[in-house]
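The values are calculated or read from the model by the stated rules, or taken from the named source; none is laboratory data. Here the structure is a predicted model, which means the values were calculated and not measured. For neighbour counting, all protein chains shown are included, and Cβ atoms are generated from backbone atoms with ideal geometry for every residue, glycine included.
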Amino acid sequence: MIWKAILFILMCFVIITGISFPIVENPQGWMQFPIIPGLGEKAKIIFFHVPTAWLSVIAFLMAMVYGIRYLRNKNLDEDAKSAAALQLGMMFCILATVTGSIWAKFNWGTFWNWDPRETSIFILLLIYGSLFALRSAVENEDKRARLSAVYSIIAFLTVPFFIFIMPRIMLGLHPGSLEIDPNSGKIVQGTSPVVDFKMNGNMRLVFFVSLAAFTILYWWMWKVRYRSIIIQEYISKK
Amino acid sequence: MEGGLLGFLEKNSIYIVLFIVLVVWIGIFLFLINTDKRLKAIEKELGKPYSGKKEN
């Protein structure tokens, strides 16, 4: 019960500080955030958009871990945990895409630019979307669990590449991508708040508290989800 | 009342957004607590264990 209270307080802290603390040119007090070049007030999206992408990675990782556990002990509870993680991972992946797209409209001019980051999350949505199609197409629950476990293991192998590597080795608009230096014309590492943390101490604090709060929230949602799946399967077998 | 809380909120509209987001968060939080409680009650009624372990 204590962790629920901690989650409530942490999330309130992130919402209050993340929304109300002003972004100024030269932060003097503890309740001011610095300007990140090219982002302005829109930099505050980092407190709410990045955690959704982070949670989809955590969820897909957990889907793989419980998939491996299912293959080891053939316990359908592990498949329920894996399925719950997959559903939440997909939900947060869609949220990351939608929030990023709204932000892109106001920062880059259009909702969709086929930036490497956007392309990679689109491919991830396709990969994991087809896993749901696979799950719903198989009626035998043991076969469904086995196929889903193997698919989630193979699918997760692509996640580090699509989330962490590909958007950082290509030219792009998203913070963290490579950029062309206007002075020298050479390809350089982008001035990104995500990669080299051009945030000041308190902005970084709010960012990491946000990651922690969203992770606890995910944990709670995941527990509620997998327990309901287990109960549903138990009742349907009765 | 012009100079009071309403007047302040009219001049600093970001705080209206802040209050709305806080209300949304409180709503989600209460919903999750409620769902968790109901699940616990169902689990108690069904009795443990209802594991999916394969019987060999």
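Tell me the residue from A:ARG144, A:ARG117 that is of a type outside the set (Asp, Glu) and in contact with a Pro (Cβ under 9 Å, 6 or more places away or on another chain), please.
The conditions single out A:ARG117.
Every residue in segment A:131-152 that is surrounded by fewer than 16 Cβ atoms within 10 Å (Cβ to Cβ), of a type outside the set (Phe, Trp, Tyr), away from chain B (no Cβ under 14 Å) and part of a helix (DSSP H, G or I), please.
Matches in segment A:131-152: A:ALA133, A:LEU134, A:SER136, A:ALA137, A:VAL150.
Among the residues of segment A:1-19, what is the count of those that are exposed (fewer than 15 other Cβ atoms within 10 Å of the Cβ) and either at pLDDT below 90 or more than 22 Å from B:THR35 (Cβ to Cβ) (or both)?
Within segment A:1-19, residues that are exposed (fewer than 15 other Cβ atoms within 10 Å of the Cβ) and either at pLDDT below 90 or more than 22 Å from B:THR35 (Cβ to Cβ) (or both) number 1.
All but one of (1) touching a residue at least 40 places away in the same chain (Cβ under 8 Å); (2) under 26 Å from A:ASN200 (Cβ atoms); (3) out of contact with any helix residue (DSSP H, G or I) (no Cβ under 7 Å at 6 or more places or on another chain) hold for A:ILE35; state the number of the condition that does not hold.
With respect to (1) touching a residue at least 40 places away in the same chain (Cβ under 8 Å); (2) under 26 Å from A:ASN200 (Cβ atoms); (3) out of contact with any helix residue (DSSP H, G or I) (no Cβ under 7 Å at 6 or more places or on another chain), A:ILE35 is out only on (1).
Can we say A:PHE60 is under 20 Å from A:PHE164 (Cα atoms) and within 14 Å of another protein chain (Cβ to nearest Cβ)?
Against the criterion (under 20 Å from A:PHE164 (Cα atoms) and within 14 Å of another protein chain (Cβ to nearest Cβ)), A:PHE60 does not qualify.
Considering (1) closer than 28 Å to A:VAL206 by Cα; (2) in a helix (DSSP H, G or I); (3) over 11 Å from the mean Cα position of the chain (by Cα), say which one A:LEU55 fails and leave the rest.
Of the numbered conditions (1) closer than 28 Å to A:VAL206 by Cα; (2) in a helix (DSSP H, G or I); (3) over 11 Å from the mean Cα position of the chain (by Cα), the odd one out for A:LEU55 is (3).
For A:SER120, indicate whether it is surrounded by 14 or more Cβ atoms within 10 Å (Cβ to Cβ), assigned to a helix (DSSP H, G or I) and touching a residue at least 24 places away in the same chain (Cβ under 8 Å).
Answer is yes for this residue.
Return the pairs, sorted by first residue and then second, in which the second residue is outside any helix (DSSP H, G or I), the first residue lies in segment A:207-231 and is under 24 Å from B:LYS44 (Cα atoms), the beta carbons are less than 8 Å apart, and the residues are 6+ apart or on different chains.
That search, which allows pairs on different chains as well, returns A:ILE230/B:TYR50; A:ILE230/B:GLY52; A:ILE231/B:TYR50.
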